[in-house]
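In what follows, a single structure is set out as structure tokens and then discussed.
The values are calculated or read from the model by the stated rules, or taken from the named source; none is laboratory data. This structure is a prediction, so every number in the text was calculated from the model and none was measured. FYI the Cβ positions are ideal-geometry reconstructions off the backbone, even for glycines, and counts take in every protein chain you see. Note: areas computed on protein heavy atoms with side chains; ligands, DNA, RNA excluded. Shrake-Rupley method; radii C 1.70, N 1.55, O 1.52, S 1.80 Å.
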Amino acid sequence: MRARRECLFDRLEPLLARVEHPGRYLDHEWGSVSEQDGPFHLCMVYADVYEVGQPNLGVAILYNQVNAQEGMSCERCYLPWKDMAALMREEGVPLLSLESASPLASFDAVGFTLAHELIATNVLEALDLAGIALTSAERDEDDPIILAGGPSAWNCEPIADVFDAVLLGDGEESIVDACACIRDARAEGLSRADVLRRLARVPGTYVPSLYEVRVDETSTRWGYAAPLPGEDVPAVVLKRCVNDFAATPAVAQRIVPYVGIVQDRLSLEVLRGCARGCRFCQAGMTYRPVRERPAEQVVSGGVEGLLASGHNEISLTSLSTTDHSQCARILNEMNAALEGKGIRVSIPSQRLDAFGVEMAAAVAGGKRGGLTFAPEAGSQRLRDVINKNVTEEDLERAARNAFEGGWRRMKLYFMIGLPTETDEDVVGIARMAERVLEIGRGVVGRGVRSGVSVSISVAVLVPKAYTPFQWCGQLAPDEVRRRQRLLLSEIRDRAIRVSYHDADVSLVEGALSRMGRAGFPLVRRAWELGCTFDAWTSEFDVSRWERAAADCGLDLADVACEDFPLTARLPWDHTSPGVDAGFLQREWRRAVEGVTTPDCTRATCAGCGVCPTLGVRNVIQGVRS
């Protein structure tokens, strides 16, 4: 029999006075669903602290979808910080849901959001705190079904053993279908193994235990997953895709937190997908096709959401908000509707052209703080390699328009370690920053009081699954550091500030991005050695990961920096976002040649394969400029 769900807050409450930020663990926030009726109960887990996980839009969407179903309820759970986790283990308090303070082990299903690769050890920490076996094979008949989904599900193989099922693609429909499948299968008295077989029939659902890993001459050393003999499961699991985006609720975030969170604003998803085709960008490939929300729905939903939440800022989110064909209309109408209310409208990214600056001005009002652009590479040659489709003239024109429009601070995002990159490309980052600074001083003036400054942030390319760069090895850590030093040595003006990603963090992320299922012992050993909250700079310790790798007979750099043959079967080939492998191979060849591919929402079809494979299409509300 399944464990009876009961409120254990009386056991957690005495611990609150002994930890920092006790507000992380309080329930019944404004807007949460307090009546958690069943009989089917799901708990969604974001395996990081409340402040990081609460604003996650994906969790909010799924929370609302499940709670809208009759006979289903969804609660939330966040990973306790280290002080609370230690006390819970000491006092024998299991990991609890937020709404009802029920043990996770008492739920019918538990779902994890895989927001990034470094969350892997946090997932193990959450399961261990909950008293749930770490792997699917170790669980008993009555344990919850452990689900996963999210941006990093596209190569979940290093932790695939953890999950009973992985939901690929858009989750609005698949989470409800998966929950209904589990509910009905258990009502029929099916065994756990047969529940999982039933789940594998739900479109977009990958059940790792029904696949075996084969290593042969056609594969990399990590092998490839294939259906177990006798199991009726698809050789390739295609993602779910919500094509009628306008039919989904405009506002998902309805909960007002008790404590300050990392993105303390109302977020509204104005479009989903991106077709610009940047060759390093996993999200740009896996979230296709492009689906825009109608302007009237965005404006009305935003105004209603602000009234319900009391936020003083609304963020219009997407992979590229200013690409929305009705962006100008949305901003103009929203500004008019919110005029005089002290509410700020923000967009997370600007196009690198005059329109991007114009839209930034539309949301800034009279305030001109900093403006952010992402050239990504320091030379035109390398921007063509990555298919950025912007020129140096575009950047200079955008910078001039911004400085003339009243901005004084400019932030530029770049990457190092891109395929075919040379020292000249790295030095080009410094020269571009200097050029932008010179444009600003030419417009505003050269005195200190002008306030003109440029900051550059430099990430390390981590090649990801389902991108044209998935066959490339990552730049070796020592070479990353050499190029970082080269860049710093080329910065000659104190008005240019430089920040860059830690090479060791990128190394671990790269290793986790490329491994197959045989990488799970590394993740498990790293967790055993104390690796949790690795996305936090203060908590990351590469020496623990290196020790874990050594214990498993692996070398992190050897794993992360390995090139894969273009024809090899890859560890993630059994899942698919609908992007054709031939298209990715063609894009890799075009990258090497420095040939760009246009955005299919502004030109002809690029042949990525998503629309015919999934039976979907781009949904554009107007004409894209």
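Condition check for residue 223 on (1) more than 30 Å from residue 32 (Cα to Cα); (2) in contact with a Lys or Arg (Cβ under 8 Å, 6 or more places away or on another chain); (3) surrounded by 23 or more Cβ atoms within 10 Å (Cβ to Cβ); (4) not aliphatic (A, V, I, L, M): one failure, at (3).
If we keep just the residues of region 554-585 that are aliphatic (A, V, I, L, M) and assigned to a loop (DSSP other than H, G, I, E, B), which is surrounded by the fewest Cβ atoms within 10 Å (Cβ to Cβ)? Write out each step before concluding.
Residues of region 554-585 aliphatic (A, V, I, L, M): 554, 556-557, 559-560, 566, 568, 570, 579, 581, 584.
Pick out the ones that are also assigned to a loop (DSSP other than H, G, I, E, B) and you get 554, 566, 568, 570, 579.
On the way: 554: 19, 566: 12, 568: 17, 570: 22, 579: 22.
Taking the candidates together, the pick is 566.
Among the residues of region 587-597, write down those that are in contact with a Gly (Cβ under 8 Å, 6 or more places away or on another chain) and either more than 17 Å from residue 282 (Cβ to Cβ) or surrounded by fewer than 19 Cβ atoms within 10 Å (Cβ to Cβ) (or both).
Of the residues in region 587-597, the ones in contact with a Gly (Cβ under 8 Å, 6 or more places away or on another chain) are 587, 597.
Result: no residue meets the conditions.
For region 528-545, the set of residues classified as over 13 Å from residue 117 (Cα atoms), in a loop (DSSP other than H, G, I, E, B) and among the charged types (D, E, K, R) consists of 539, 541, listed by residue number.
Looking at region 55-70 only, could you name the residues that are open to solvent by 20 Å² or more (accessible area, probe 1.4 Å) and either in contact (Cβ under 8 Å) with a residue 40 or more places away in the chain or in a helix (DSSP H, G or I) (or both)? Across region 55-70, the qualifying residues are 56, 57, 58, 61, 62, 64, 65, 67, 69.
Looking at the structure I just gave you, is residue 475 hydrophobic (A, V, I, L, M, F, W, C), more than 22 Å from residue 161 (Cα to Cα), part of a loop (DSSP other than H, G, I, E, B) and open to solvent by 20 Å² or more (accessible area, probe 1.4 Å)?
Numbers: hydrophobic (A, V, I, L, M, F, W, C): yes; more than 22 Å from residue 161 (Cα to Cα): yes; part of a loop (DSSP other than H, G, I, E, B): yes; open to solvent by 20 Å² or more (accessible area, probe 1.4 Å): yes.
Judged against the criteria, residue 475 is a match.
For region 217-260, give me each residue that is of a type in the set (Lys, Arg) and modelled with pLDDT of 95 or more. 221, 239, 240 - these are the residues of region 217-260 that are of a type in the set (Lys, Arg) and modelled with pLDDT of 95 or more. In this structure, residue 222 qualifies as in a loop (DSSP other than H, G, I, E, B) and within 26 Å of the chain's Cα centre (by Cα). For region 513-552, residues that are crowded, with 24+ Cβ neighbours inside 10 Å and touching a Gly at 6+ places or on another chain (Cβ under 7 Å) total 0.
Screening region 403-449 for residues that are in contact with a Phe, Trp or Tyr (Cβ under 9 Å, 6 or more places away or on another chain) and in a loop (DSSP other than H, G, I, E, B) and picking the one that is surrounded by the fewest Cβ atoms within 10 Å (Cβ to Cβ) gives 419. If you scan region 478-500, which residues turn out to be open to solvent by less than 30 Å² (accessible area, probe 1.4 Å) and outside any helix (DSSP H, G or I)? Correct list: 495, 496.
If you scan region 39-53, which residues turn out to be open to solvent by less than 30 Å² (accessible area, probe 1.4 Å) and either closer than 23 Å to residue 178 by Cα or among the hydrophobic types (A, V, I, L, M, F, W, C) (or both)? Listed by number, the residues that qualify are 40, 41, 42, 43, 44, 45, 46, 47, 49, 53.
Residues of region 478-499 that are closer than 19 Å to residue 421 by Cα and touching a Ser or Thr at 6+ places or on another chain (Cβ under 8 Å): 480 alone.
Pairs meeting the criteria (first residue in region 343-360 and open to solvent by 40 Å² or more (accessible area, probe 1.4 Å), second residue among the hydrophobic types (A, V, I, L, M, F, W, C) and assigned to a loop (DSSP other than H, G, I, E, B), beta carbons under 8 Å, at least 6 apart or on different chains) are 353/390.
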